[in-house]
Amino acid sequence: MVQIVSNKDELSIYLSALTGLENAKVAVLVDSNTLKYCYPLIAEIEELHKCEILEVEPGEDSKSLEIAAHLWQSLQEFEFNRTDFLVCLGGGVITDLGGFIASTFKRGMRFVHIPTSYTGMVDAAIGGKQGLNFNGVKNQIGVFSEPIATLIYPEFLETLPERELNSGYIETIKHALISNGGLWNKIVEEEPLSSNEIVRKSTEVKQGIVEQDPNEKGIRKALNFGHTVGHAFEAIYKSELLHGEAVAIGLLVELQLSVELLNFPLQEYKTIQNVISNFCPITVELNNVDVLIELMKHDKKNDGKGINFTLLNRIGGVEINQYVAPDAISSAIKKVFGK
Ligand SMILES: NC(=O)c1ccc[n+]([C@@H]2O[C@H](COP(=O)([O-])OP(=O)(O)OC[C@H]3O[C@@H](n4cnc5c(N)ncnc54)[C@H](O)[C@@H]3O)[C@@H](O)[C@H]2O)c1
Ligand SMILES: [Zn+2]
């Protein structure tokens, strides 16, 4: 269940209904930012009065086996059982990490996601993928496992740094481009960034796609739009780019390929280019394109037939399993960078 709640009372009602059922024990997983900025907003909820707080450092490094082991240890010391609850209160790092440790502790205890970042709300906390990084590879260890509920309270975005907000918003732009439900029109009409309506529509696109293809055999690949190129940029420019900022470049390159290979309308491409550059302008210098191509060749989404893309023939016109030659990719990257 994914539920958008518009005020604290509503959040409290849902959380109480979920956690109060059998007098379950509750632990809340936070990082130090969400402990400071988000936990106080929900601390008054009765069920949370006696909760245990599990705190980790903010950042991607917390999605590790070492931290997971430390958290399992705490759950064991608190004598948690499968019927007890873990509330994951944070961005994608907290929901991925918390979803993973809950799903594996005693073969699976119950958990609730309360995403507090934009990325968490429209992406990470929806779709049932929970996991950790391992040996330097992102999301290498994980499970498909659904939380009892994902409760989205957009008010949390008030304290999210603007750069994180803009970066997360790129996934909403992606959702708009791969769907037909009018989200793109809303974005062009310049609705405010954290409008509940846009958050809701964005989560519905992800949910709708995941429900059709929970195990990523087909149409779920639509969600990879922008990510074949985006992940390569994210790997090379990891100290400079947030995920959404890398995906913004990925969207532009993959739209360029869509124009060239699938006749995506050029005029629409220009409009999209303008919208994207409002949120995440390209700030990196293009160095070695060959290294980017090498990374794409080793992308885990490939299946031996070449570099696998999701492209568009129009807004909402998704074409999965498009194999594109390295030369065409290089030239599209150079075009996007004006070279
Ligand atoms: N499971 C999935 O399907 C899926 C999908 C997309 C992304 N992800 C994962 O999500 C992670 C990225 O998510 P993210 O961008 O939310 O990262 P994050 O959890 O690191 O949050 C970004 C930063 O914002 C802070 N923060 C979060 N909410 C805040 C708030 N309300 N106020 C102030 N600060 C706040 C965090 O402490 C952190 O410093 C990656 O690990 C990625 O792999 C998973
Ligand atoms: Zn993404």
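The values are calculated or read from the model by the stated rules, or taken from the named source; none is laboratory data. From a predicted model like this one, the values you see are computed outputs, not experimental measurements. Note that each Cβ is placed from the backbone with ideal geometry, even for glycine, and that neighbours are counted across all protein chains shown.
Spot the failing condition for LEU242; the list is (1) hydrophobic (A, V, I, L, M, F, W, C); (2) out of contact with any His (no Cβ under 9 Å at 6 or more places or on another chain); (3) surrounded by 21 or more Cβ atoms within 10 Å (Cβ to Cβ), and only one is missed.
Looking at each condition in turn, LEU242 falls short on (3).
How many residues does the stretch 218-238 hold that are away from ligand 1 (no atom under 15 Å from the Cβ) and farther than 20 Å from VAL324 by Cα?
Residues in the stretch 218-238 being away from ligand 1 (no atom under 15 Å from the Cβ) and farther than 20 Å from VAL324 by Cα: 2 in total.
If you check every pair at least six apart or on different chains, which have Cβ atoms under 6 Å apart with a residue in the stretch 122-141 that is without any contact (Cβ under 8 Å) to a residue 24 or more places away in the chain and not assigned by TED's automatic domain parsing to the domain that holds VAL210 first and a residue that is more than 14 Å from ligand 2 (Cβ to nearest atom) and in a strand (DSSP E or B) second?
Sorted first by the residue in the stretch 122-141, then by its partner, the pairs are GLN140/PHE134.
Tell me which of these GLU155 doesn't satisfy, since it passes every other one: (1) near ligand 1 (Cβ under 10 Å from one of its atoms); (2) modelled with pLDDT of 95 or more.
Failing condition for GLU155: (2).
Can you go through GLN212, GLN256 and tell me which one is in contact with a helix residue (DSSP H, G or I) (Cβ under 7 Å, 6 or more places away or on another chain), without any contact (Cβ under 8 Å) to a residue 24 or more places away in the chain and not acidic (Asp, Glu)?
GLN212
Exactly one condition in (1) of a type in the set (Phe, Trp, Tyr); (2) in contact with a strand residue (DSSP E or B) (Cβ under 8 Å, 6 or more places away or on another chain); (3) within 16 Å of ligand 2 (Cβ to nearest atom) is false for PHE144; which is it?
Unmet for PHE144, out of (1) of a type in the set (Phe, Trp, Tyr); (2) in contact with a strand residue (DSSP E or B) (Cβ under 8 Å, 6 or more places away or on another chain); (3) within 16 Å of ligand 2 (Cβ to nearest atom): (3).
Just wondering, is there one or more residues in the stretch 180-190 that are more than 14 Å from ligand 1 (Cβ to nearest atom), small (Gly, Ala, Ser), assigned by TED's automatic domain parsing to the domain that holds SER103 and not in a helix (DSSP H, G or I)?
no
Taking the condition of being under 15 Å from SER32 (Cα atoms) and either of a type in the set (D, E, K, R) or not in a strand (DSSP E or B) (or both), how many residues in the stretch 98-115 meet it?
1
Restricting to the stretch 98-121, and then to whatever is in contact (Cβ under 8 Å) with a residue 40 or more places away in the chain, away from ligand 2 (no atom under 16 Å from the Cβ) and not aliphatic (A, V, I, L, M), can you tell me which residue is farthest from SER167 (Cα to Cα)?
ARG110
Output the residue which, of all residues in the stretch 27-71 that are β-branched (Val, Ile, Thr) and not in a helix (DSSP H, G or I), is modelled with the lowest pLDDT.
ILE45
Which residue out of THR95, THR83 is part of a helix (DSSP H, G or I) and touching a residue at least 24 places away in the same chain (Cβ under 8 Å)?
Criteria check complete, one pass: THR95.
Any residue in the stretch 23-37 that's farther than 17 Å from SER62 by Cα: show its pairings with residues that are within 11 Å of ligand 1 (Cβ to nearest atom) and assigned to a loop (DSSP other than H, G, I, E, B) at Cβ separation under 8 Å, as long as the two are six or more apart or on different chains.
Here the result reads TYR37/THR116, each pair linking the stretch 23-37 to a residue that is within 11 Å of ligand 1 (Cβ to nearest atom) and assigned to a loop (DSSP other than H, G, I, E, B).
What helices (runs of 4 or more DSSP H), lying completely within the stretch 191-279, carry at least 2 residues that are closer than 28 Å to ILE152 by Cα and more than 12 Å from ligand 2 (Cβ to nearest atom)?
196-212, 266-279
Can you pull out the residues in the stretch 249-283 that are within 16 Å of ligand 1 (Cβ to nearest atom) and farther than 12 Å from PHE225 by Cβ?
Matches in the stretch 249-283: PHE279, CYS280.
Go through (1) surrounded by fewer than 18 Cβ atoms within 10 Å (Cβ to Cβ); (2) within 11 Å of ligand 1 (Cβ to nearest atom); (3) within 26 Å of GLY208 (Cβ to Cβ) and name the single condition PRO161 misses.
With (1) surrounded by fewer than 18 Cβ atoms within 10 Å (Cβ to Cβ); (2) within 11 Å of ligand 1 (Cβ to nearest atom); (3) within 26 Å of GLY208 (Cβ to Cβ) applied to PRO161, the lone miss is (3).
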